[in-house]
Structures are given as C-alpha cells and as structure tokens.
C-alpha cells in the first residue's frame, strides 16, 4: 500500500490537467453541423388583422458551399447541417433540431410568425399572403486567425401572384478563432439572429391591401 501512495498522489496531482486536456480535445473535434443559437425578439409586435400566411424559402446563393477552403479545412466534418438552439431569456436553451440551410430559415420564420399569433399554412391558394424568403449569401471564412461570416437575404410579401414589397438585409461579423471554443458557431449565430430579427414582419404585413 505504501508503494502505491506516491503513484496515487502523482495521479491526483495531474488529474485536473488531464481533464482539461480531454475537454479541449473534445471541444476541438470537428462536428458534422454548426450550432446556431437564436432568440426571438423580446418585443412582440401587434400583428395586422391576419391569421394565416404561406411561407416559402428559396436558396438563391451563387456559392452553394457555405465554407471557404480555409474554413472547410478547420471544419472538415461539416455536412451542411445546422443545429438550432432556441435561447429565450430566463430559460434553458433547448435544441429545436438539426436542419439544412433552407429548413433552418423556414423553422425560424415559423417561430417568429407563431410568436405573433399567425399560422403558417401549406396551401397553393394565391389569395393567402405569402412571405417569401430568398437566401442570397451565407458564407463562413477563416483567415488571419479570425472567423468571418457574411449573410444576405431578401423577404418579399406576395399576394395573388404579385410582389407587394421586398426588404433586403445584409451584414458581416468576425470573431477571433480560439482553440477549443466554438467561435465559428458563435460568429454565425450573432449575425444570423440579428439579421433575422431586423425584419419587421408586422410592418411588412401592413402593406397588404384591405380585404
């Protein structure tokens, strides 16, 4: 037993270092998805007198790969999917699901419309207003030890086949790449949430002509 004491003491001494290394290696492991944290706006706008809309998301990006060559080298296992984490204030952050890019946008806009009491319907009836979202840029780059993310999209209100109004949104963000930290997901999340919430859906719907 006495012979084992020095070994036990030495193992205990270095246990915390071992756990830290294990955590760092685990955190650095490349995932098949990027985490996207999204929080609905705190202020719920008063919606116009409308109870249902159609929703469509179209991918109009010229560059379909969301990762640059350098970002792809770092996130080598990324398969084009995004884990959506909903993070309302004062609550835990439950995982909503894992989606492709178009489905990610569709899910988030459904949440925003639902927050306003507006139901998304699956219908081909042209008289039901349609919120059409076009993704034109979604690009993550890694250069000079920083993550750089750029995103553009357009939101249009369509009724009876006619585009009533279109709003465009674009932005970019950067964050230092720290080993063992999910700075790629954080960089995407901050700009994504900001640009999605910039769209004033109530104001968009207010452009509808009287029924």
The conditions are (1) in contact with a helix residue (DSSP H, G or I) (Cβ under 8 Å, 6 or more places away or on another chain); (2) surrounded by fewer than 16 Cβ atoms within 10 Å (Cβ to Cβ); (3) modelled with pLDDT under 85, and residue 27 fails exactly one of them. Which is it? (1)
Select from region 129-154 the residues that are under 30 Å from residue 50 (Cα atoms) and touching a helix residue (DSSP H, G or I) at 6+ places or on another chain (Cβ under 8 Å) and write down the one among them that is surrounded by the fewest Cβ atoms within 10 Å (Cβ to Cβ). 135
Can you find, within region 81-99, the residue that is modelled with the highest pLDDT among those that are farther than 16 Å from residue 111 by Cβ and surrounded by fewer than 14 Cβ atoms within 10 Å (Cβ to Cβ)? 92
Qualifying residue in region 100-122 (condition: free of Cβ contacts under 8 Å to residues at least 12 places away in the same chain and either part of a strand (DSSP E or B) or more than 22 Å from residue 39 (Cα to Cα) (or both)): no
Selection within region 159-180 - in contact (Cβ under 8 Å) with a residue 40 or more places away in the chain, surrounded by 15 or more Cβ atoms within 10 Å (Cβ to Cβ) and part of a strand (DSSP E or B): 159, 164
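The values are calculated or read from the model by the stated rules, or taken from the named source; none is laboratory data. Values in this document were obtained by computation on a predicted structure and should not be read as measured data. Virtual Cβ from ideal backbone geometry, glycine too; neighbours counted across all protein chains shown.
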